[in-house]
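Okay, so here's the structure we're looking at.
The values are calculated or read from the model by the stated rules, or taken from the named source; none is laboratory data. What you are looking at is a predicted structure, and each value in this text was computed from that prediction instead of being measured. Cβ atoms come from the backbone with ideal geometry, glycine included; neighbour counts cover every protein chain shown. These area figures cover heavy atoms from the full protein model, side chains too; ligands, DNA and RNA do not enter into them. Shrake-Rupley method; radii C 1.70, N 1.55, O 1.52, S 1.80 Å.
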Amino acid sequence: MATELEAKFKVDGFVAVEAALIAAGADFLSGVLQRDVFFDTLDRQLKKSGRGLRLRELTVLESGSRPEPQRFLLTYKGPRQDRNGLKIREEIQTPLEDGAAMTEILLGAGWRVFMRFEKRRRSFRLGQAEIELDELPMLGGFVEIEAPSETLLHEVRRKIGLPDEPISES
């Protein structure tokens with residue numbers, strides 16, 4: 001079980017962010033297409049309690065220094081706590097061999113699909129922080145920073161020129 005500490009920022013484009021990442025010495029990890037399917041009960045108990053159950057499919061679009069990722073990941077996210085605009089939550093994730101079989105298992109156990117979306121993601125590492133550049137159809141561009149401490153997260157945010165206040169919506 002791990003605790004996720006992250007901040008998300010809405011951006012108009014990635015050119016300045018990528019240039020700042022390169023100038024700061026960030027390592028390009030990979031570019032992927034992510035297809036996410038979120039499951040919940042019929043009465044949406046997970047969403048109501050701030051939790052999530054996600055099945056993610058990854059397709060590599062650009063290779064970087066990260067080894068080829070597992071194609072399917074099942075993730076549970078615990079209730080979100082907000083602190084100074086940062087999101088903190090429990091995250092449990094496991095790789096899967098067969099996403100279609102897991103979908104059938106979850107549906108057979110009574111879970112229902114309540115949301116699907118896809119995004120293109122370019123991932124970078126700067127020290128102990130991971131920075132994701134996400135492009136979502138019809139929603140636009142977002143930068144997500146995940147780091148082991150609030151101090152490091154804000155240090156990376158400043159280095160790559162993002163605003164003081166992250167967005168709170170997921």
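Per the conditions (1) open to solvent by less than 50 Å² (accessible area, probe 1.4 Å); (2) touching a helix residue (DSSP H, G or I) at 6+ places or on another chain (Cβ under 9 Å); (3) at pLDDT below 95, the sole criterion not satisfied by Arg71 is (1). Of all residue pairs spaced 6 or more apart or on separate chains, those with beta-carbon atoms under 6 Å, a first member in the stretch 1-27 that is more than 13 Å from Leu162 (Cβ to Cβ) and a second member that is open to solvent by 60 Å² or more (accessible area, probe 1.4 Å) are Met1/Ile92; Asp27/Ser65; Asp27/Arg125. Residues that are hydrophobic (A, V, I, L, M, F, W, C) and open to solvent by less than 20 Å² (accessible area, probe 1.4 Å) were ranked within the stretch 127-145; the one that is nearest to Leu5 (Cα to Cα) is Ile145.
All of Glu150, Glu130, Glu144 fail the test of being touching a residue at least 40 places away in the same chain (Cβ under 8 Å), within 19 Å of Arg89 (Cβ to Cβ) and over 16 Å from the mean Cα position of the chain (by Cα), apart from Glu150. Among the residues of the stretch 108-137, the one identified as of a type in the set (S, T, N, Q) and more than 20 Å from Glu150 (Cβ to Cβ) is Ser123.
Residue count for the stretch 124-170 under the criterion of being over 19 Å from Asp82 (Cα atoms), among the acidic types (Asp, Glu) and assigned to a loop (DSSP other than H, G, I, E, B): the result is 0.
Residue check: is Ser30 surrounded by 12 or more Cβ atoms within 10 Å (Cβ to Cβ) and of a type in the set (S, T, N, Q)? Taking the combined requirement at face value, the residue satisfies it. If I filter the stretch 1-50 down to residues being among the hydroxyl-bearing types (Ser, Thr, Tyr) and part of a loop (DSSP other than H, G, I, E, B), which single residue comes out as farthest from Val143 (Cα to Cα)? Only one residue fits best here, namely Thr41. A count restricted to the stretch 30-71 and to residues that are of a type in the set (A, V, I, L, M, F, W, C) and within 14 Å of the chain's Cα centre (by Cα) stands at 7.
Criterion first (open to solvent by 60 Å² or more (accessible area, probe 1.4 Å), in a strand (DSSP E or B), touching an Asp or Glu at 6+ places or on another chain (Cβ under 6 Å) and over 18 Å from Thr3 (Cβ atoms)) does Arg121 satisfy it? When the stated conditions are applied, Arg121 does not pass them.
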